[in-house]
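Here is the structure we will look at.
None of the figures in this text is laboratory data; all of them are computed from the coordinates on show. What you see is a predicted model; the values in this text were computed from it and never measured. Counting neighbours? That spans all protein chains shown, and the Cβs are built from the backbone with ideal geometry, glycine included.
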Amino acid sequence: MGRITSLFVHKVIEQVDASLDKAALLRSVGVDPTAPIDPKVMVSATDYYAYLEAIAARDPQALDLPLRVGASMRLDEYGAMGLAWKAAANLRASWDRAERFAKVLTSVTTYEVREVNLGAWLVLHRDGERRLGLRLSNEASIASLAAISRQVTQAPLQLLEVTFEHAVPGRADLHERHFGCPVRFGAPDDALLVAWNTLQFPNRLSDPGISRFFEAHLAREVEALDDGLSLEQRVRNDVSRAICDGIPTLSETGQRLGMSSRTLQRRLASGGSTYQQLIDEARRQLAERLLAGTAYSLQEVAFLTGFSEQSAFTRAFKRWAGQTPRSFRLSAQT
């Protein structure tokens, strides 16, 4: 079962209309209205999305609710993650903390820093049904990332662009006014783009010693978490998300899972698998999903599974599945 920190539940309730029964809404997700806020207390992701949907149906100001929730976020409320963001050398390094350690706050969301010529995108990946609650949560998360990025950097934070996968929710001008940049809906990713000079500007409270301490602390927290997924499945999931940008290295996957490449290799070996085996399995599973469930051409499926040529993809798929990609697609559609 997916989980999300109850911190977000509390931040949402602070922004809802006063006419709503806030205590009842908190209890609906299993949160004690009288208890202090603790980011380590988790709620079910499904319950959290239903909670957002219930509020959206009753709150007269629901359209910009996720933007207001995001703007209200303060790093001091994020526990060790917030301290790690503050102590990082620059905003790019703070984003790296999100990429590596987001699991301490949620099991349904991961982040990817995608570098481009202009700067870098911070991309949000969230598992689950594309329901209203998930859309609202994605908007709040992107708004939160903008808010806490502004809190750490000494540079004026000017976003270059914000994108959302979902369709425009009524009016785009609210979002463009909030973020101060072009906002594109129906895009491939939920993400925000920041220029290189801003990303590399020193953070206000940068401290190498404190940064190393909280990195180690967060790595231990991630290591201790158990989402019911095996390490092998977590590796396959990570590879599937990253593969369209090239086959991720052992080190890159390990970093996103909060462990060194040596630790990852050792743990996989103790379970009787290798990183290369899991890459092949991830590519096969992704290819089968794309062939059975999308209209992508075979050339596009080859690219999305990390192959530069369709012929190489066809040979690999035939080795994995015992049939060609075309035959697999035809049999899946009958």
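For this structure, a couple of remarks:
- Of the trypsin sites (Lys or Arg not before Pro) found in the stretch 81-142, those that fall in a DSSP loop while having at most 13 other beta-carbon atoms within 10 Å are 130.
- Qualifying chymotrypsin sites (Phe, Trp or Tyr not before Pro) in the stretch 165-201, DSSP loop, other Cβ atoms within 10 Å at most 15: 185
- Part-to-part distance (alpha-carbon centres) for the stretch 207-254 and the stretch 41-56, which is given in Å: 26
- When only the Cβ of Lys, Arg, Asp and Glu is charged (+1, +1, -1, -1), the dipole of the chain relative to its Cα centre reaches about 700 debye.
- Taking all C-alpha pairs of the stretch 63-199, those more than 17 Å from each other amount to 56 percent.
- For the stretch 229-334, the fraction of alpha-carbon pairs in successive 10 Å shells from zero, as %: 15, 45, 28, 11, 1
- Cα-centred dipole magnitude for the stretch 214-334, charges only on beta-carbon of K, R (+1) and D, E (-1), debye, nearest 20: 480
- Inverting the pair-averaged 1/r between distinct Cα atoms of the chain gives 21.3 Å as its Kirkwood hydrodynamic radius.
- Selection from 188, 132, 91 lying farthest towards where the dipole of the stretch 75-201 points positive, charges on Cβ: 91
- Helix axis angle, 132-152 relative to the chain longest principal axis, alpha carbon, degrees: 70
- Cross-link partners of residue 103 among lysines, defined as those whose alpha carbon lies under 27 angstrom from its own and excluding same-chain residues fewer than eight positions apart: 11, 40, 86.
- HN-Hα J in Hz across the stretch 96-113 - Karplus 6.51, -1.76, 1.60, θ = phi - 60°, x for Gly and Pro: 4, 5, 5, 4, 8, 10, 4, 4, 6, 9, 7, 9, 9, 10, 10, 10, 10, 8
- Mean-position separation - Cα centroids, the stretch 75-102 and the stretch 112-170, in angstrom: 15
- For the stretch 135-286, the alpha-carbon radius of gyration amounts to 1.27 times the rule-of-thumb value 2.2 N^0.38 Å expected for a compact globular protein.
- Trypsin sites (Lys or Arg not before Pro) within the stretch 189-286: DSSP coil, no more than 12 neighbouring Cβ in 10 Å: 204
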